[in-house]
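The values are calculated or read from the model by the stated rules, or taken from the named source; none is laboratory data. All values reported here derive from a predicted model rather than from experimental measurement. Methodologically, a virtual Cβ is constructed for each residue, glycine included, from the backbone with ideal geometry; neighbour enumeration extends over all protein chains shown. Just so you know, the surface numbers come from the protein's heavy atoms only, side chains and all, with ligands and any DNA or RNA stripped out. Shrake-Rupley method; radii C 1.70, N 1.55, O 1.52, S 1.80 Å.
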Amino acid sequence: MFSAELKKGSSEMLILSLLEARPRHGYEIGKLIEARSAGKLTFALPTLYPTLLRLENRGWIRGRWVEKAGERRRCFYRLTAEGRRVLTEQRKTWEAFIEAVQAVMGPSHA
Amino acid sequence: MRDWELYVRTHLPLPNLTRGRELRIVQELASQFEDFYREAVARGMTESDADEFARAQITDWTSLASTLGDVDGAHVRSPLDRWSERLDDRARQKKGRSPMDLLADLRYAVRLLRKAPVFSIAAIGTLALGIGANTTIFSLVQTILVHPLPYQDPDQVVMVWEDASAAGFPRNTPAPANYRDWRAMNRSFTDMAAATYASANLTGNGAPEVVLGRRVTANFFSVLGVQPLLGRAYTATDGASEARVVVISHALWQRRYGGDPGIVGRTIVMSVERVGDVKHEVIGVAPRSFVFLSREIDYWVPMQFSPEEAATRDSHYLMVVARLKPAVSIEASSSDMRAIARRLSEQYPDTNRGIGTVVVPIREEVLGDTRVQVIALMIAAAAIVLIACANLASLLLARASVRRGEYAVRLSLGATRGRLARQVLVEALCLSAAGGVLGLAIPVLTTAFVERIVPIGLQALTVSIMDWRLLAFAGALSIATGLLFSVGPALQSAHASTADVLQQHARGNAGGRSRAFRDALVVLQVAATLVLLVAAGLMLRTLANLNGVERGFDANNLLTMHVPPMPKYADPIKRPPFYERIIAGVRALPGVRGVAFGSMLPFQSSGNTRVFSVEGRQLLPEDLPDALFRVGTADYLQTLGVTLVEGRLLDARDGADAPRAIVVNETLVRRFMDGQSALGRQIRFGPTEPPFTVVGVVRDVLERGYEQDPKPGVYVSQLQGPRFFPTINLIVRVDGDPRSYAPAVQRVVRQVDPDQPIRLVQTMTDMIGLTVGDRRQQTTLLVVFGALALVIASLGLYGLLAQTVSARRREIGIRMALGATWRNVMRMVMSRGMVLTGAGVGIGAVLAWSVTRAMETLLYGISASDPLTFALVVGLLTVVSAVACAFPAARAARTDPMLVLRDQ
């Protein structure tokens, strides 16, 4: 529903914020974004996966293979300390951005 | 399961990434595909539709590949990486391995162990105990069995004793005249030396200190083949001249003279009994490792026989050591000495009738029983390690069978069986290495405790972590245990097959071989535990027996100390007032019930006898028996708490001017009074001494300790007794713990004379305890080991059954669905456990039978195959095993068949 440019700016922040609560694996992240946004935001595998790797290379998240009892082996990603810091910053930036945009476009007063 | 990895590999043209990175990406993408596939299936799609749905997630592989290449630029393979990977490939083809693999194994192993902290800690702890205990025992073995005695050619050195078995002294200290004749007449020895006890009070360079020493013949050190560390040993002139020379021990040199390198030539003042303060020139220091029959000897002075002393055959007090001539055997020297003894007994029938000789190799003299004890300890320690290994092997096997799925996948991905087995090995070695390092702490901590086992005739136990032998032993043992308990699991991992992976529920029995192995381990554990517990039980009962033996006096609440008479009290006039003042002072202390001095306390000496005759019984002089002779101050017998049978005990009445009174023991009455009352009879100790009249009879006191048969014994008052039995032991009967009175009593003694040295302050029970001390250490160790073994074995049994139960859930569920009750299930599980226990008990009982036979010499009042002990141990094991089995059995019985069956 939203254009690729719009999504691109926020995809990293979305992923980081989802990992704030607990570690998740790639498939779960994609599904969660879709579910929480009621289908308005979707990230296809070819987009999502490289983003995960990119975040990992920057040291903001870390992936680990985990074998839970009775389940398949999956790669779980978790937020690093650095990632947490980045997330907080990005949130602030995003909120400031929204505020600024809304201030510009704001309801016109008579 | 669709092979998504293959799919990804074939479609994704990955740039040159490192193999690890490549694998990661492939596996992760494959995982995502699988998730999508399952999602589609769950939504109701057909398999082929779901397949298409999943594949549709990625259409443009090329663009993905390039994005990944951009993102993962850091992981592009460098030429170096490519080269090392080629090496790996080649190595793997040749079925060799690259060093990288080993490191990976190590990291993997450490990770695995960290993931299961409880198991790891328990395993490492058990191993540390086992390896530590064995390392301690190893030091003990080194000191006792392996290290040579500190003499030249120690197998040529022997002790020669008088054999006076008829009088109850199979190894008696020889008399000087006999020694001189032996030395002159023998043909078996290069030389013979003699030694006797001495003690002195050292002043100067510190607080007054009583030290034990030896008076030795001038050839003493040369017979032993010992060179002093500093200075020289004696020459023949030292003995002859007036100048007093002394060789001091290494310990004394360090302790009192600070290891002064200029000690040789220094003069020290030694206060010798009956003589007074004498200046001695230090001519030498003995080597650190030198010890001769006692670790506590601090000095050696040359011995001088006066003409009367040299001629006496009546006074037996020497220790004689000799060196065999090169070609002469012990047996030859024995018969040589026996012949000499025969000649002497013909020549001097009065003194030497019935006295033979016995030649004992010094090694046997010093070690005696200890060999048996040490071997028993070695077996116990080895048993513990084996049990720990068995347990760990069992646990590892259990884990291995759970990971068989993982092994199968790795096998299919190209790992070799050897590699898998090696990984298990590395894991095991990690555990045992950690256990070994931790275990090194144990020898250091327990040195003081274990040292008591070392016989006093050997040098002190030295346990130093820096000793390379110790480290090597600990290291070897760690590796051995690691290998031992990884064998089973390693074999099992190597036999994992891909087919198993296809089965959703691998059967927990994991194949007949693995099951049989684990069963065997449990049986072994139970057997070893039984052996340890039986040994511990026998020793416990021995101790109880020893404690229960009628000692003839009350050993509780009795404080003792050694108050050696100083030369200033050598005059018999001066001594009694000295004692009186001390006695009065101590008696005034609150809580004191009785005070007295005695010449020799029970358990202190098996000698100190005098030949006696009973008036009215005519015996030839050569048939005269001897009796244990004990002298005490007025209330000695009362303070000791002896049991009066007839007449009265000695008391203040029996002063210097009173009629000479004597108290005798029952053995004397039994043997020499011909069934009549002893009261009023006269006893003589020499034709010139006035006789004593028997005023009382007491129950036998175990003067000679537990091991020896009672001899006739007599007690006289200090004021009426001969001078050469000084009463040097102070005993105090108190209310409550005797130890708490020690400082106050010592203060009283010091108040009477500040220079008076006091030694060996201990309670009577402690002193007796020292004689059973060896046994008590053994028993404690055995009990600890036995308890440990019991815990480990029952844990092993529990673990085995728990694993079996969880693996056979389906079978149990089916059985219950088909009508089995919980009782049936419980019986099924428990019977397996009890069968194993039974087998273990059976094997263990047979083993214990033969092992305890070797312990026979340590036991007292109980046979090595005592049925009661065996029965009790079997009972204990059975109960504990039953409890260990009950838990998993109960869990099995609670299985809900519906849950199990649904779980297809």
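Tabulated results
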| read-out | value |
| --- | --- |
| Matching residues in the range B:869-878 - criterion: being open to solvent by 20 Å² or more (accessible area, probe 1.4 Å) and in contact (Cβ under 8 Å) with a residue 12 or more places away in the chain | B:F870, B:L872, B:V874, B:L876, B:T878 |
| Some residue of the range A:34-53 being among the polar types (S, T, N, Q) and surrounded by 18 or more Cβ atoms within 10 Å (Cβ to Cβ) | yes |
| Test for B:L202: is it closer than 27 Å to B:R575 by Cβ, at pLDDT below 85 and crowded, with 19+ Cβ neighbours inside 10 Å | yes |
| B:R739 surrounded by fewer than 16 Cβ atoms within 10 Å (Cβ to Cβ), charged (D, E, K, R) and under 30 Å from B:T446 (Cα atoms) | yes |
| Cβ pairs under 7 Å, 6+ apart, first in the range B:514-531 and open to solvent by 50 Å² or more (accessible area, probe 1.4 Å), second not small (G, A, S) and not in a helix (DSSP H, G or I) | B:R515/B:N509 |
| Subset of the range B:335-362 [within 12 Å of B:W182 (Cβ to Cβ) and among the polar types (S, T, N, Q)] | B:N352, B:T357 |
| Residue among B:L668, B:L637, B:L628, B:L649 that alone is in a loop (DSSP other than H, G, I, E, B), crowded, with 19+ Cβ neighbours inside 10 Å and either within 44 Å of the chain's Cα centre (by Cα) or aromatic (F, W, Y) (or both) | B:L649 |
| Qualifying residue in the range B:736-757 (condition: in contact (Cβ under 8 Å) with a residue 24 or more places away in the chain and part of a strand (DSSP E or B)) | no |
| Close pairs from the range B:142-162: first over 18 Å from B:V359 (Cα atoms) and open to solvent by 20 Å² or more (accessible area, probe 1.4 Å), partner acidic (D, E) and at pLDDT below 85, Cβ under 9 Å, at least 6 apart | B:Q142/B:D467 |
| Residues satisfying the stated conditions in the range B:321-366, i.e. assigned to a helix (DSSP H, G or I), without any contact (Cβ under 8 Å) to a residue 60 or more places away in the chain and among the polar types (S, T, N, Q) | B:S334, B:S335, B:S345, B:Q347 |
| Selected residue (only one of B:V835, B:V783 is open to solvent by 40 Å² or more (accessible area, probe 1.4 Å), in a helix (DSSP H, G or I) and over 30 Å from B:G132 (Cβ atoms)) | B:V835 |
| Test set (1) at pLDDT 85 or above; (2) more than 14 Å from chain B (Cβ to nearest Cβ) - A:A110 fails condition number | (1) |
| Residue count, the range B:159-178 (criterion: under 38 Å from the mean Cα position of the chain (by Cα) and outside any strand (DSSP E or B)) | 7 |
| Criterion: part of a helix (DSSP H, G or I) and more than 46 Å from the chain's Cα centre (by Cα) - qualifying residue of B:L847, B:L899, B:L868 | B:L899 |
| Residue match in the range A:34-52 (condition: at pLDDT 90 or above, over 21 Å from B:L14 (Cβ atoms), out of contact with any strand residue (DSSP E or B) (no Cβ under 9 Å at 6 or more places or on another chain) and hydroxyl-bearing (S, T, Y)) | no |
| Leading residue by the ranking (farthest from the chain's Cα centre (by Cα)) among those in the range B:1-23 that are of a type in the set (A, V, I, L, M) and in a loop (DSSP other than H, G, I, E, B) | B:L12 |
| Total residues in the range B:671-699, condition assigned to a strand (DSSP E or B) and surrounded by fewer than 19 Cβ atoms within 10 Å (Cβ to Cβ) | 3 |
| Some residue of the range B:84-103 being modelled with pLDDT of 85 or more, in a helix (DSSP H, G or I) and of a type in the set (A, V, I, L, M) | no |
| Subset of the range B:268-297 (residues that are assigned to a strand (DSSP E or B), in contact with a Lys or Arg (Cβ under 9 Å, 6 or more places away or on another chain) and farther than 21 Å from B:D755 by Cα) | B:E281, B:V282, B:I283, B:G284, B:I297 |
| Members of the range B:571-602 that are among the basic types (K, R) and out of contact with any helix residue (DSSP H, G or I) (no Cβ under 9 Å at 6 or more places or on another chain) | B:R587 |
| Checking B:R111 against (1) closer than 30 Å to B:R417 by Cβ; (2) in a strand (DSSP E or B), the condition it does not meet | (2) |
| Residue ID - surrounded by the most Cβ atoms within 10 Å (Cβ to Cβ), chosen from residues in the range B:298-320 that are aliphatic (A, V, I, L, M) and assigned to a strand (DSSP E or B) | B:V320 |
| Search result, residues across the range B:24-72 that are in a helix (DSSP H, G or I), more than 25 Å from B:V409 (Cα to Cα) and within 11 Å of chain A (Cβ to nearest Cβ) | B:W61, B:T62, B:S63, B:L64, B:A65, B:S66, B:T67, B:L68, B:G69, B:D70, B:V71 |
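Residue-wise test of (1) at pLDDT below 85; (2) within 29 Å of the chain's Cα centre (by Cα); (3) more than 18 Å from B:R232 (Cα to Cα).
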residue	(1), (2), (3)
B:G276	yes, no, yes
B:K279	yes, no, yes
B:V282	no, no, no
B:L293	yes, yes, yes
